[in-house]
């Protein structure tokens, strides 16, 4: 079985890039390096004019993917992100070259040009789907906060659908049950949908610890040794960072919040929330993030959009750090209230933080154990076995 992974990197590294890197590492481990191929481009390597000129169809990207499939006799082309450089051309190339085609749906851009069904002024927004109105996403400048770029993006996606991209794709892979149900509502056929979540980092996953956790023999870090709350993610509006900071200032200074990440709001937030109990570290390497996770009492997941999964949730739980998340999108599926963390509405946030900070030690230690045990559902070997099973079933059709 030969697999070609195709991906359009964003300007900054994010969860999709991490998911792809982990997937590739495990595929090489299971199938051998000689059977795994990757074709990746980066937005940073192209000018806006180059992207605009080929956003509807790229002969270059078509030929590159087509030639790779033919040259290496690829069985399955697995596309992750494809916009804006690769475009729908790579889907067409894969099918024309005779490969089976899998697409992991990491966001909702097929139906919402912002990709996340979210507008800063209103929160969750599904106008384009509900009203089937071509102009909503354009007039609200939903793509990169630009009218012109939103117009081009909307035209491009309208064109992609018109030429039949959904017909070319053999399987759409989704990351959570919530996303699965959303895509059914959005009109994707059930027989083309497969649920396959992201995995934990193979480089940090300890197989021995996995078995020990299954037997409930791991000793949880005592509550007294864990201090403070941790936010990990982009500092952008849809991630909810502005909201939790506006609420955090209502708490006393004994409540410490450490913020790991960077983004469009970083400078403004640092300036506005310059106080002893709010610490900005900027973006950090993954190993340093894990060190913070091992010492934190809780991780916060306050995203205001649906999300398609939320890697930081399972990565936190892997380190035995319970997660507090808003009752939006995928969070209630991944966090069991009172067992692996807490679920609350944004209006309940402060009260939940106060409750969590003073949670009884015995109950907190049980929560740590539960979180570790739940994270093992995303063990690299388990997820890769599932992925290869899906590949094999697809090839047998």
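The values are calculated or read from the model by the stated rules, or taken from the named source; none is laboratory data. From a predicted model like this one, the values you see are computed outputs, not experimental measurements. Counting neighbours? That spans all protein chains shown, and the Cβs are built from the backbone with ideal geometry, glycine included.
Below are the figures for this structure:
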read-out: Criterion violated by residue 370 - all others in (1) touching a helix residue (DSSP H, G or I) at 6+ places or on another chain (Cβ under 6 Å); (2) crowded, with 16+ Cβ neighbours inside 10 Å; (3) not assigned by TED's automatic domain parsing to the domain that holds residue 21 satisfied; value: (1)
read-out: Segment 29-46, subset in a helix (DSSP H, G or I) and surrounded by fewer than 15 Cβ atoms within 10 Å (Cβ to Cβ), residue farthest from the chain's Cα centre (by Cα); value: 34
read-out: Single residue of 50, 29 found to be touching a residue at least 60 places away in the same chain (Cβ under 8 Å) and either out of contact with any helix residue (DSSP H, G or I) (no Cβ under 7 Å at 6 or more places or on another chain) or outside the structural domain of residue 385 (by TED's automatic domain parsing) (or both); value: 29
read-out: Residue within segment 357-371 that is outside any helix (DSSP H, G or I) and free of Cβ contacts under 8 Å to residues at least 60 places away in the same chain present; value: yes
read-out: Residue list for segment 58-99, filter: out of contact with any helix residue (DSSP H, G or I) (no Cβ under 8 Å at 6 or more places or on another chain) and on the phi > 0 side of the Ramachandran plot; value: 73
read-out: Residue satisfying all of: in segment 154-188; assigned to a loop (DSSP other than H, G, I, E, B) and in contact with a strand residue (DSSP E or B) (Cβ under 9 Å, 6 or more places away or on another chain); farthest from residue 99 (Cα to Cα) among these; value: 176
read-out: Hits in segment 108-141 (condition: loosely packed, with under 15 Cβ neighbours inside 10 Å and under 17 Å from residue 182 (Cβ atoms)); value: 123, 124, 130, 132
read-out: Residue that is touching a strand residue (DSSP E or B) at 6+ places or on another chain (Cβ under 6 Å), assigned to a loop (DSSP other than H, G, I, E, B) and surrounded by 22 or more Cβ atoms within 10 Å (Cβ to Cβ), where the choices are 90, 85; value: 85
read-out: Residue 94 vs. criteria within 10 Å of residue 4 (Cβ to Cβ) and either assigned by TED's automatic domain parsing to the domain that holds residue 11 or without any contact (Cβ under 8 Å) to a residue 40 or more places away in the chain (or both); value: yes
read-out: Residue within segment 96-104 that is within 23 Å of the chain's Cα centre (by Cα) and part of a loop (DSSP other than H, G, I, E, B) present; value: no
read-out: Strands (runs of 3 or more DSSP E) contained in segment 265-345 and holding at least 1 residues out of contact with any strand residue (DSSP E or B) (no Cβ under 6 Å at 6 or more places or on another chain) and either in contact (Cβ under 8 Å) with a residue 24 or more places away in the chain or surrounded by 24 or more Cβ atoms within 10 Å (Cβ to Cβ) (or both); value: 323-326
read-out: Residue 144 being under 19 Å from the mean Cα position of the chain (by Cα), surrounded by fewer than 16 Cβ atoms within 10 Å (Cβ to Cβ) and outside the structural domain of residue 61 (by TED's automatic domain parsing); value: yes
